[in-house]
Number of protein chains: 2
Amino acid sequence: MSLLIDPAAQDLLFREARTANTFTEEPVSDAQLEAVYDLVKYGPTAFNANPLRIVVIRTPEARERLLAHMAEGNRHKTASAPLVAILATDHEFHAELPHLVPHAPDLKDAYFSERPVREEAAALNGALQAAYFLIGIRAAGLTAGPMTGYDADGLRKEFLDDDHAPLMVVNIGRPGPDAWFPRLPRLTYEQVVSTL
Amino acid sequence: MSLLIDPAAQDLLFREARTANTFTEEPVSDAQLEAVYDLVKYGPTAFNANPLRIVVIRTPEARERLLAHMAEGNRHKTASAPLVAILATDHEFHAELPHLVPHAPDLKDAYFSERPVREEAAALNGALQAAYFLIGIRAAGLTAGPMTGYDADGLRKEFLDDDHAPLMVVNIGRPGPDAWFPRLPRLTYEQVVSTL
């Protein structure tokens, strides 16, 4: 066996984990979300940039505002999930770098003074952190339903600002009845990997 | 406790896991890489797109060709890692969709006929898969050293083609002496999460 984590963890995080389309009514607490974040915050980002920001949609009023921007096919499940989070990138992440990388105080201005450079770094590293977050939700025994089907400009105007861009919206909860279809195939190692 | 995976797995994947700058000489086998991929391939991507492609650099000749495109500060560790992989996105990933999403045979042409749409989807979903891969390397008891410091155009011309873009280069092995500096701080839950 080449893997060191036990089969139960492999199943929980990857093999048995699925993206849910229905949820039970069991609530997801702030304490659960904080435990997820406090695990996955250690995942690596380039220059320790930490560009991910999370907007948790907890009130019915905020949920209604969100639903208006979701694609038709995502609206029903987003309405019924116990909790929904907007994952976004902060294009002003470099403001935190003097604190996050104290041994390189010039990093903020020397490397990230230009907005397009920051947007590119935020898109990649924010997506890495989004993936860590999805894994963390599964590590908490919950199911995540990541979605990119929404009006990005509308979502940005409603919940964010010009310095933040949405990455995905994630439904969070426990799987309900008929939560998923049969698993779809994946590309094989041979299809994905070439060796030189 | 809000987390379901055991503390050993939490440590292996996140809390104790670190990005290594030095490596032992212990080789990394194709069997190990295949075990990693066969775990993390189940991680979710939008439309089950699976856009990640991996070029494994195994021969000294290929390593030399790679080093020429790495940033100065990454060259020494990339030269000394037991194995190096280029993670890239495939902008023609939609060709596989009829196989990957058999119940929606029109997805390939109806949704992904335009290249910019595919590039955007590949960038996000490829980065998610790259993060799953980094977690998988850790799940195998190995350390990953992801890097974005390289000449992207040079790397693309050397190892890829116009339909593929590099996401990152990853050193893979077991940590050597003085493999890392003390861990840098992370943004706190309160800094990252806002609740509505």
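Scanning the range A:10-37 for residues that are closer than 15 Å to residue B:40 by Cβ and in contact with an Asp or Glu (Cβ under 8 Å, 6 or more places away or on another chain) yields a total of 1. On the stretch given as the range A:27-52, residues that are within 13 Å of residue B:185 (Cα to Cα), over 15 Å from the mean Cα position of the chain (by Cα) and at the interface with chain B (Cβ under 7 Å from one of its Cβ atoms) total 1. The set of residues from the range B:150-171 being assigned to a helix (DSSP H, G or I) and crowded, with 17+ Cβ neighbours inside 10 Å comprises B:155, B:156, B:159. Looking only at the range B:172-196, filter to residues that are under 30 Å from residue B:51 (Cα atoms) and more than 12 Å from chain A (Cβ to nearest Cβ); which one of those is most open to solvent (accessible area, probe 1.4 Å)? Step by step, filter the range B:172-196, then rank; the result is B:175.
Taking the criterion of being touching a residue at least 12 places away in the same chain (Cβ under 8 Å) and either among the basic types (Lys, Arg) or part of a loop (DSSP other than H, G, I, E, B) (or both), the residues of the range B:1-25 that qualify are B:17, B:18, B:19, B:20, B:21, B:22, B:24, B:25.
Counting only helices (runs of 4 or more DSSP H) that sit wholly inside the range A:59-149, those with at least 3 residues that are within 13 Å of another protein chain (Cβ to nearest Cβ) and within 19 Å of residue B:185 (Cα to Cα) are A:97-100, A:115-139. Annotation note: Cβ proximity below 6 Å between a residue of the range B:161-181 that is acidic (Asp, Glu) and a residue that is open to solvent by less than 50 Å² (accessible area, probe 1.4 Å) (sequence gap 6+ or interchain) occurs for B:163/B:91. Identify all residues within the range A:96-123 that are surrounded by 12 or more Cβ atoms within 10 Å (Cβ to Cβ), of a type in the set (Gly, Ala, Ser) and within 23 Å of residue B:183 (Cα to Cα); write none if there are none. Listed by number, the residues that qualify are A:104, A:121, A:122.
The values are calculated or read from the model by the stated rules, or taken from the named source; none is laboratory data. Values in this document were obtained by computation on a predicted structure and should not be read as measured data. Reconstructed Cβ throughout: ideal geometry from the backbone, glycine too, with neighbour counts over all protein chains shown. We work out accessible area using only protein heavy atoms, side chains counted, and drop any ligands, DNA or RNA first. Shrake-Rupley method; radii C 1.70, N 1.55, O 1.52, S 1.80 Å.
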